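Read the structure below first, then the notes.
The values are calculated or read from the model by the stated rules, or taken from the named source; none is laboratory data. Since the model is a prediction, treat every value here as computed from it, not as a measurement. Positions of Cβ are backbone-derived with ideal geometry, glycine not excepted, and every protein chain shown enters the neighbour counts.
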Amino acid sequence: MSYEAKMMEMKKLLKKKAPKAEEKAQAPKRETPPSPPYENRWLAAGLTKEENEFGVVYKKTVVYEPDHRHGNYALSGLLDTVERWRESEEIHPLAPDFTRPLVFFDTETTGLKGAGTLIFLMGFIEYTDEAFTLTQYVLPGPDHEAAFLYASDLWKTPMSIVMYNGKSFDMPQVQTRWTMNRNVLPQLLKHTEIDLLHGSKRIWKNEMDTFKLTAVEEEQLDFFREGDIPGHMAPIIYQDAVKNGRAELLMKVLLHNEWDILSLVTLYIRSTDLLLQGDTLSSANAQTNIGKWYTDLKSFSRSKDVLMDVIAEYGSEEPKAHFHIGFLLKKEGLHAEAIESFTIAADGLEGREKIIAFEELAKLFEHKMKEPEKALHYTKEAIRNLYQEEDVTNRFKVRMGNEFAHREIRLNRKLFPG
């Protein structure tokens, strides 16, 4: 084929008529679902209606003055709390991101897991215009889920979000529901997540039997709920409100959620008081746990300050503080001081930590103090206690037993050559 013929063929391809714009396939327009038939009953119960491009959502707004008290704490204490975090410059899981608004968030869902689980209530509280504003969004039904999620503004502004078990439950639920509506909703933003359940477990470990929010409220905030609905009843009440329009009990679910969120604010104040200024209402156990938490975060100087304060006040009555500070003293090369701390820990503790304290004494006397006789003594004490202690796992016994056996053989060879 000649060059001219090839050019003519190419022109034919280029001249194929492009479809007119109006002839292009149009994506089907999303129809906004109608308001539910029980709308008037929900509005009469105290909810207000909000509409957006995806449908309708119902909400309740409550404004609290800063001096409003929830348990032992006024909401205004949050302002001092944020300022203390700012001044401390601590890098900590409970520290807020100061470039983002601080929001307290909680959800209520129709179940605990599964793609069919819906979030039917989202509550937010934040400090705005010299007051605390609580906004709760209620899902009218599955058809309005996109409108419900859109109303939350979780797509609009990155936030520092304070929750209780939110990293494991609330935010994964939000992400799942957002994914189910991803074809119509803007992208969900990545928020800074602060989980007070994790913080409560770190602070009050060995002090509380359960870390349900209601238990933490009573023991740490001095807040006792009166007339509250059981949490497991919330999905049943919601489903009845959607099916039959009855909103009276649904408002009790909103009150339950409201108390949850107010407790997040005051628990955040309480936790910060303990972490940053050593609240006088705290126990030796809580302060020791905080010192250990700072160690795990590699904030060694802060950890040592906290543990030394505990030891100064309680002495050998808090052997766990001596146990944790022993590692810091050893790290600093203060071997005699570390031996003193581990000796108090070995005498006063039980279980796993007692065994480890004896192990540390054996290590220090063998490698740092160069006293193999004492190292052998503490190795034998460790072995004896290892098989007497009931509160240790078999796996721990086997692993430590092997290590102590090797240490004992090595020390005997040093002491008795040949």
For residues in segment 155-190 being basic (Lys, Arg) and within 14 Å of Thr107 (Cα to Cα), which is farthest from the chain's Cα centre (by Cα)? Arg177
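Name the one entry in Asp97, Asp80, Asp106 that is under 22 Å from Arg270 (Cβ atoms) and in contact with a Gly (Cβ under 6 Å, 6 or more places away or on another chain).
Details: Asp97 fails: in contact with a Gly (Cβ under 6 Å, 6 or more places away or on another chain); Asp80 fails: in contact with a Gly (Cβ under 6 Å, 6 or more places away or on another chain).
Sole residue among the options that is under 22 Å from Arg270 (Cβ atoms) and in contact with a Gly (Cβ under 6 Å, 6 or more places away or on another chain): Asp106.
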For the subset of segment 325-379 comprising residues that are under 38 Å from the mean Cα position of the chain (by Cα) and among the hydroxyl-bearing types (Ser, Thr, Tyr), which member is surrounded by the most Cβ atoms within 10 Å (Cβ to Cβ)? Ser341
Kindly indicate whether Leu262 is part of a helix (DSSP H, G or I), within 21 Å of the chain's Cα centre (by Cα) and over 16 Å from Gly199 (Cα atoms). yes
Any residue in segment 232-251 that's within 13 Å of Leu139 (Cα to Cα): show its pairings with residues that are of a type in the set (S, T, N, Q) at Cβ separation under 8 Å, as long as the two are six or more apart or on different chains. Pro235/Thr109; Pro235/Thr110; Tyr238/Thr110; Gln239/Thr110
Tell me, which residue of segment 207-255 that is among the small types (Gly, Ala, Ser) and either over 21 Å from the mean Cα position of the chain (by Cα) or at pLDDT 95 or above (or both) is nearest to Val265 (Cα to Cα)? Ala215
Out of (1) part of a strand (DSSP E or B); (2) more than 21 Å from the chain's Cα centre (by Cα); (3) of a type outside the set (D, E, K, R), the odd one out for Phe105 is which? (2)
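For segment 121-151, give me each residue that is of a type in the set (S, T, N, Q) and either farther than 16 Å from Asp106 by Cβ or out of contact with any Ser or Thr (no Cβ under 9 Å at 6 or more places or on another chain) (or both).
Thr128
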Here the residues within segment 380-418 that are surrounded by 11 or more Cβ atoms within 10 Å (Cβ to Cβ), acidic (Asp, Glu) and modelled with pLDDT under 95 are Glu389
Which of the residues spanning segment 281-324 are among the small types (Gly, Ala, Ser), assigned to a helix (DSSP H, G or I) and surrounded by fewer than 20 Cβ atoms within 10 Å (Cβ to Cβ)? Ala284, Ser301, Ala312, Gly315, Ser316
I'd like to know if segment 165-180 contains one or more residues that are among the small types (Gly, Ala, Ser), surrounded by 17 or more Cβ atoms within 10 Å (Cβ to Cβ) and in contact with a strand residue (DSSP E or B) (Cβ under 8 Å, 6 or more places away or on another chain). yes
